[in-house]
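To start, the structure under review is shown below, and the notes come after it.
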Amino acid sequence: MIRVNDKFDVEWKPGMTIRDILNELKFTFPMLVISVNGEIIPKEEWDTRQVQDGDDVKVLHMIAGGR
Amino acid sequence: MSVIPVEVLKKAHRKLAEYHYELRPVERGYANRTLYINLSDMTIEEKPVTEEMKRIFTGGRGFALWLLWNAVKDDTRWNDPENELIIANGPLCGILSYPGTGKSTVVTISPLTNLVIDSNVGGMVGPYLKGAGFDALEIQGKADRDVIIVIDGDTGTITIEEAPLEEPYAHLLGRALTEMYAKNEADKRNIAVVTAGHGAEFSRYGMLNFSWYDLRRKEVRFKQAARGGTGTVFRDKRIKAIVVRKSGFTAKSNNPAKPELIRKASQRINKEIVELDDKQNQMRKVGTPYLVGIMNDYDLLPVYNWQYGMHEDAHKISKIVWMGLFTQGVPDGCHYGCMLSCSHGVDHFHLRTGPFKGDVVLVDGPEYENAAGLGANLGIFDPNAVLELNFYCDTYGIDTISFGTSMAFAMECYQRGILNRERTGGLDLTWGNIDAVLETLHQLARGEGFGLIVGQGVRWMKQFFVETYGADPDFLNDIGMEVKGLEFSFYVTKESLAQQGGYAIANKGPQHDEAWLIFMDMVNNQIPTFEDKAEALHYFPMWRTWFSLHGLCKLPWNDIEPADNAFQPEPHKVPEHVENYCWLVEGMTGVPTTPDDLILSSERVYNFQRVFNLRRGSGRREHDYPPYRAVGPVTVEEYESRRERYDKQLKEEIGVDPEGLSTEEKMRILREHRMKRYDQLLDAVYERRGWTKDGIPTLETLRRLEIDFPDVVRVVKKALEETGR
Ligand code: SF4
């Protein structure tokens, strides 16, 4: 299981990438900052970077305080 | 509709008053005087701006509130002659080289809330008003006939003219007056117009259109001071339009103290926009409607009066559709020079209904709010219908948000049998019935039929339906999306406690421009505790207030972000942009400025506005509660549509096993829990803001902010005594 933002659970599957997690959670907002176990992952790596079962993933949506 | 030639319109004008004033340069962002007009006796006066006013109220919304505070009595109603309509710019308004520096704020006592409304708006009126010599325009009294106010900042002349023939449709009036007061085509860029529209005469949520001249399209464009009935007050004063003229206004017209700092900030952000906008929100290609699909994906797009947060047809009104409809490749800044340039328009749109049926027009917009509120929330997923509604709301001078929310409320009442065809005068208000919604809007603008009822807003309709049709008041209070009398804008807040507070505590009523915390709270889970939420509900509303004190647009703050923003200590505040704003203030005024200084200036005005609400009989805890539809599921269908989510919350958050409980029972338990949490949120926010448990700023808070004027202290002491604290 992958816990995202200490809130959302995503079933882990072998070979799962960051992009798979985003798709699973329908996180489509364009301005995201993503870290895995505290390490910020550049956008270019989201399609290929694999996550391991139990990883702590944070997906921060960069918008606040007034649209 | 036949259009009366401009010469004929002009010939019918009669001068009712004229005033000449000395033209003076703007100094460090301030014109150092305001303009006062009384339409009852045709008085025109200048008032000095004092150093104290600048220090405490900064400008823009702050100046406007202070002027209004001194002009009205405690019990002045929106349509009393002493109510004022104030348009203020702000010390950074008119920089132009920095994106978003052309805004004005309109302030008045609102017909919807009976409180002060502030509404932020683009166009070139703000910069030209300052260039003409005024930090604010204050209009009191009522004319006995339709008038136009003309401020000629080139000659230093103000006239009030009787204007009997102009039809108050914004798109015609804007065009006619721009042509009337411009010397030639090239001069049209020096004219900016404020108008309402026919609908504003009959509705409590009439709005104001503020123009700029689109040089490329050779057309008058509009932005709207939309919220709270600004246009209703305008037409009640019998003002048809305000025309401001100023030639040769440039970035230098503000006479900044340190222009190099302003240049530095402008260069930095403009480079960032050019390099990054296309990879981020694509404001320059699509603007705010990029959000429709995103809100749908996150279950935040209101559907059927906020019953649901997504719809399978949302893609029909989402980004890609608008991108195709908007004319691309033209600079769409709502002030000259705005590099973010997000005020898009649809050219050559064919109208199929209403008084302009068959005309081909330019539609300004839609913004996200229009697509969501005139579309999804009414069950309409046809972009052409959204555009037609958008056009008519604008030209009628009707706030798209209040109309959309009022219409959604009426449609849900129809769904639930509170209304029927007999009661709507034959209109079938089934979700998605485009023709019925358009007909309601046209009726509203003619001041007749069921449209007139919808035009009075949700709060008024609730009472009317209870008194006339015996509707259940509790149910209507649950589904009527208003707080303090103002209609909600279009985000589903059921899963974000912080945003429920962001909407319901807001001074003017539930408008998203004070705080938008849904992602931070609901998705990022960054503000899990009450204290975290309270801190966010302190910082962001104060920060957001700051824009309206200075004549700025909020979008360039966080709809574009520096490439390395994510690596900054507090990325949600967009620290590099905050630094830009400090440079702008110092560059303009010469006074070194820190981020804390910016927040302090907002806190003063924000708390002053809260006290203004107290003075108007509101501004206490009891006025800060949202309708339950904004907090949780009101109906069984709503609960069932998200059963898995709610059942999980019962189990994990409340410790109740949902197994075997009826849906009604589960709803009751969930409601109790959520409202208890809302109360805890209020406690935390009030404490953080230096307010009592009743939401009243303490005397200590007033002293800290130096707004402890005798009149302010009188109001607060009375409120404290009444609440026994
Ligand atoms: S960012 Fe958009 S709304 Fe703001 S000033 Fe620029 S064009 Fe106008």
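Within region B:6-245, the ratio Rg/Rh, alpha carbon atoms throughout and Rh by Kirkwood, equals 0.93.
Which lysines, if any, have their Cα less than 24 Å from the Cα of residue B:717, not counting same-chain residues under 8 positions apart? Qualifying lysines at Cα under 24 Å: B:73, B:484, B:508, B:693.
Quick one: which of B:533-540, B:614-621, B:502-509 comes out on top by average Cβ neighbours within 10 Å, and what's the full order, highest first?
Details: B:533-540: 22.6, B:614-621: 20.2, B:502-509: 25.5.
Listed from highest to lowest mean packing, they are B:502-509, B:533-540, B:614-621.
Would any residue of region B:282-299 have its amide N under 19 Å from a label point 7 Å out along Cα→Cβ of residue B:347? List them or say none. B:284-287, by backbone N distance to the label point. Model label points for residue B:564 and residue B:652, set 7 angstrom from Cα along the Cα-to-Cβ axis, are 3.7 nm apart.
Let me confirm one metric for peptide A:22-30, namely the mean number of other chain beta-carbon atoms within 10 Å of its residues' beta-carbons. Spell out each step's value before the answer.
On the way: counts 0, 0, 0, 3, 6, 4, 5, 9, 6.
Partner-chain Cβ atoms within 10 Å, mean over residues of A:22-30: 4.
Which of rounded, prolate, oblate describes region A:2-61, given a ≥ b ≥ c as roots of the alpha-carbon gyration tensor eigenvalues and a/c under 1.5 marking rounded, otherwise prolate only if a/b is larger than b/c? It would help to have the intermediate numbers written out before the result.
Details: a/c = 1.27, a/b = 1.17, b/c = 1.09.
It is rounded, given that a/c, with a ≥ b ≥ c, falls under 1.5.
Note on B:512-524: average number of Cβ atoms from other chains within 10 Å of each residue's Cβ is 5. Distances longer than 25 Å among the Cα atoms of region B:564-665: what percent of all pairs is that? Considering region B:564-665, 59 percent of its Cα-Cα pairs are separated by more than 25 Å. Residue by residue, region B:566-582 carries 3J(HN,Hα) couplings of 4, 8, 7, x, 10, x, 5, 8, 6, x, 5, 6, 4, 4, 3, 5, 4 Hz when phi is fed to the Karplus relation 6.51 cos²θ - 1.76 cosθ + 1.60 (θ = phi - 60°); x denotes Gly or Pro. Straight Cα distances below 22 angstrom link residue B:183 to the lysines B:10, B:11, B:15, B:130, B:218, B:240, B:246, with same-chain residues fewer than 8 positions distant left out.
Could you calculate the contour length gain from residue B:46 to residue B:215, that is, 0.36 nm times the residue separation minus the distance between their Cα atoms, to one decimal place in nm? This chain segment gains 57.6 nm when fully extended. Accessible area ranking (1.4 Å probe, heavy atoms, ligands and nucleic acids excluded), largest first, for A:16, B:42: B:42, A:16. Net charge around residue B:152, counting only other residues with Cβ within less than 10 Å of its Cβ (Lys, Arg = +1; Asp, Glu = -1)? With Lys, Arg at +1 and Asp, Glu at -1, the net is +1.
Would you mind giving the mean number of other chain beta-carbons within 10 Å of the Cβ of each residue in A:5-16, as a whole number? Neighbouring Cβ atoms belonging to other protein chains average 1 per residue here.
So what is the 222 nm mean residue ellipticity for the protein assembly as shown from helices alone, if each DSSP H run of at least 4 adds -39500 (n - 2.57) and you divide by all residues, rounding to the nearest 500 deg cm²/dmol?
On the way: 27 runs with 293 residues, N = 792.
After summing the helix terms and dividing by residue count, I get -11000 deg cm²/dmol.
When the Kirkwood radius is taken over all Cα pairs of region B:39-158, what Stokes-Einstein diffusion coefficient follows at 37 °C and 0.692 mPa s, in µm²/s? For these conditions, the coefficient is 218 µm²/s. Dimensions of the protein assembly as shown from C-alpha coordinates, computed as largest minus smallest value along each principal axis and given longest first, are 76, 65, 60 Å. Before I look further, what does region B:6-245 give for accessible area per residue, probe 1.4 Å, in whole square angstrom? Per-residue value: 29 Å².
For a straight C-alpha distance cut-off of 26 angstrom, the lysines reachable from residue B:316 (same-chain residues fewer than eight places away being disregarded) are A:26, B:223, B:279, B:285, B:357, B:494.
Among residues other than residue B:259 with Cβ under 12 Å from its Cβ, the summed charge is +3 (Lys and Arg +1, Asp and Glu -1). Each Cα pair of chain B feeds into the Kirkwood radius, which the Stokes-Einstein equation turns, at 20 °C and 1.002 mPa s, into a diffusion coefficient of 83 µm²/s. In this label model, residue B:255 and residue B:662 are separated by 7.5 nm, measuring between points 7 Å along each Cα→Cβ vector.
Accessible area per residue was computed with a 1.4 Å probe on protein heavy atoms; residue B:474 scores about 110 Å².
The values are calculated or read from the model by the stated rules, or taken from the named source; none is laboratory data. These numbers come from a predicted model, not from an experiment. Positions of Cβ are generated from backbone atoms using ideal geometry, with glycine treated the same way; all protein chains shown enter the neighbour counts. Areas reflect the complete protein model, heavy atoms only, side chains present, ligands, DNA and RNA absent. Shrake-Rupley method; radii C 1.70, N 1.55, O 1.52, S 1.80 Å.
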